[in-house]
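The values are calculated or read from the model by the stated rules, or taken from the named source; none is laboratory data. Everything quoted here is computed from the prediction, not taken from an experiment. For neighbour counting, all protein chains shown are included, and Cβ atoms are generated from backbone atoms with ideal geometry for every residue, glycine included. We work out accessible area using only protein heavy atoms, side chains counted, and drop any ligands, DNA or RNA first. Shrake-Rupley method; radii C 1.70, N 1.55, O 1.52, S 1.80 Å.
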Amino acid sequence: MRLPQYIEPRKLAQKGGSFDGDMLPEDMPRVMEAIASCESVNAKLQFDIEDQRRRTMRGSIQGDLKLVCQRCLQPVDYKLDVEVNLAMVWDEDQAKKLPGYIEPWIVGEDPEDLHAILEEEVLLALPVVAFHDEDCIDASLLSVGEEVKQPEKSENPFLVLAALKSKSDSNQD
Ligand SMILES: [Zn+2]
C-alpha cells in the first residue's frame, strides 16, 4: 500500500487509526535531493490518544537508501531506520510544554501532508556526510592507472640541505 498524502491526524488519533505503507521517490522530493537513490521507504504508524489527552503519531520509517559517498561520489548503502514519536499540538506555546523526548507536530483541524512530515523525519535522521567503509578513493585511482610518485631525493631542496649538513657534520669529526 502506498501511504496517502493528506490525512486528518486528529481524527485518526480519535479512532486509533494506523498505516503500514510505502512512500515512493516522487512522494519525497526533498529526501531524493539529499540522497543518491532509493526504491521506496516503508512507514508503520500508529495514531493514539494517550494520557493527558495527548494525541500522538508513533512508529518507524525504514528503507534501503543509497547516499553519495563524499570521498568518491559513488553510491553507498545506508539502512534507514527512524523512530517516529510525535505529539500533535495546536501551536508553538503548546509545543514548548511537551517533554523533551517527544517531538511536537503542529496540527489543526485541516488535513495535513503526511509525506511532508515523514520527509522531515527522514531528513533529520540522515547522516551529515556518508563514506564507504573501504578506502574507496585509492582503489579508484589505481583503476585508472595513476600512481602517486615519491619525489626523488635530488629534487627535494630540503633533503639536499640535510645531506649537505650531515656531510659537514661528519667532516668535523
Ligand atoms: Zn566512496
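Take the residues in the range 1-49 that are of a type in the set (Lys, Arg) and free of Cβ contacts under 8 Å to residues at least 60 places away in the same chain; name whichever of them is nearest to ALA87 (Cα to Cα).
Filtering the range 1-49 for residues that are of a type in the set (Lys, Arg) and free of Cβ contacts under 8 Å to residues at least 60 places away in the same chain, the one nearest to ALA87 (Cα to Cα) comes out as LYS11.
Sort out which residues of the range 74-100 are within 20 Å of the chain's Cα centre (by Cα) and away from the ligand (no atom under 16 Å from the Cβ), and write them in order of number.
Of everything in the range 74-100, those that are within 20 Å of the chain's Cα centre (by Cα) and away from the ligand (no atom under 16 Å from the Cβ) turn out to be LYS79, LEU80, ASP81, VAL82, GLU83, VAL84, ASN85, LEU86.
Table: residues versus (1) under 27 Å from ILE7 (Cβ atoms); (2) open to solvent by 30 Å² or more (accessible area, probe 1.4 Å).
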{"site": "ARG54", "(1), (2)": "yes, yes"}
{"site": "GLY59", "(1), (2)": "yes, no"}
{"site": "LEU80", "(1), (2)": "yes, no"}
{"site": "GLU92", "(1), (2)": "yes, yes"}
{"site": "GLY100", "(1), (2)": "yes, yes"}
{"site": "GLU109", "(1), (2)": "yes, yes"}
{"site": "VAL122", "(1), (2)": "yes, no"}
{"site": "LEU126", "(1), (2)": "yes, no"}
{"site": "ASP135", "(1), (2)": "no, yes"}
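Quick one: ALA13 ticks every box in (1) of a type in the set (A, V, I, L, M, F, W, C); (2) in a strand (DSSP E or B); (3) crowded, with 18+ Cβ neighbours inside 10 Å bar one, so which box is it?
Only one criterion is unmet by ALA13, namely (2).
Looking only at the range 50-73, which residues are within 16 Å of the ligand (Cβ to nearest atom) and touching a strand residue (DSSP E or B) at 6+ places or on another chain (Cβ under 6 Å)?
Those that are within 16 Å of the ligand (Cβ to nearest atom) and touching a strand residue (DSSP E or B) at 6+ places or on another chain (Cβ under 6 Å): LEU65, LYS66, LEU67, CYS69.
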